[in-house]
Amino acid sequence: MPVIIHTYPCLSDNYGYLLHDQATGATAAIDAPDKNAMLEALELRGWNLTDIFVTHHHFDHTDAIVPLKKQFDIKVSGPAAEADKIAGLDVKLSDNDTVELGQTQLKVIATPGHTLGHICFFDSDNKNLFSGDALFSLGCGRMFEGTPGPMWDGLKRLRELPDETLVHCGHEYSAANAAFALSIDPRNNALTTRAQNITLLRRNHQATVPFVLGEDKRANPFLRADKPDIAQAMHLMGAAPQTIFAAVRKAKDDF
Ligand code: ZN
Ligand code: FE
């Protein structure tokens, strides 16, 4: 049975997500950025929070966990590798584990780099990816803790997911990401089309999430680090994809 996803903007540019299993009524929050914003969303929908699935330890994804646990009887599941940094964690998750929300199952995919233990959640039945700060529309997370090789490998695994997958990411960064992407890959038609759509949406103060993974595969320079166009733009023809990925990441940091 399908799940219903409720998206709520919060903090300065975060997105929080509620995932509602229609068969059982079980409701998970993907990350817990902002307690009041989440409570409003729950009340609007009339849902009862049962779970929190955590992508990584940063405060803008975990701050509300402990306050919410005082108020609800909830189970908090998140990355085993960051267990010491996430207060209130009940279930430690590793790569390829499965979390259950009623009758809905989500697969855990390790995507280290933004943080060392970062994980994403993929619902293969409904083709929804919750990518936290690993993958953004036309971008990826800043490499705060990891190294380029494993980060590139994690993004490649996301790239292997079906084209029709809808990606629900942790921040509204699309406009800035589009500006950078166009600066290095200006002749990519898939990218210019995406960038135009983003401009229109943002002009109307609309969210650019979720986005379609298949479109991002053709337009996001971080998912195209092994393509000749990106190598050429980085003046790294013939270099290993992870080296090119690292150069793109550095160029974005300096953009
Ligand atoms: Zn983060
Ligand atoms: Fe974040």
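All of the numbers you see were taken from the coordinates with simple rules; none came from a lab. These numbers were taken from a predicted model, which means no experiment stands behind them. Cβ atoms come from the backbone with ideal geometry, glycine included; neighbour counts cover every protein chain shown.
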The answer for the per residue Cα convex hull volume of the chain, in Å³, is 114 Å³
Quick check on packing: order 79-91, 111-123 by the mean number of other C-beta atoms within 10 Å, highest mean leading. 111-123, 79-91
Which peptide among 94-107, 46-59 comes first, and what is the full order, when sorted by highest mean count of other Cβ atoms within 10 Å? 46-59, 94-107
The pairs in 107/217; 35/217; 69/92 lying past 22 Å Cα-Cα in this model are 35/217
With the dipole of the stretch 57-208 worked out from charges on the C-beta (+1 for Lys and Arg, -1 for Asp and Glu) around the Cα centre, which of 182, 137, 147 lies farthest toward the positive end? 182
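Counting every Cα pair in the stretch 105-255, what percent are over 27 Å apart?
15 percent
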Amide H neighbours of residue 105 under 5 Å, at least 5 residues apart or on other chains, H built in the peptide plane: list them. none
Computed about the Cα centre, the charge dipole of the chain from +1 Lys/Arg and -1 Asp/Glu charges at the Cβ has a magnitude in debye, to the nearest 20, of 660 debye
Projected area of the stretch 45-139, taken from the Cα convex hull and averaged over every viewing direction, in nm²? 6.7 nm²
Say the dipole of the chain comes from +1 at the beta carbon of Lys and Arg and -1 at that of Asp and Glu; which of 122, 81, 212 then lies farthest toward its positive end? 212
Provide, in order from the shortest bin, the percent of all Cα-Cα pairs of the stretch 127-194 in each 10 Å bin, continuing until the bin that contains the maximum pair distance. 18, 47, 34, 1
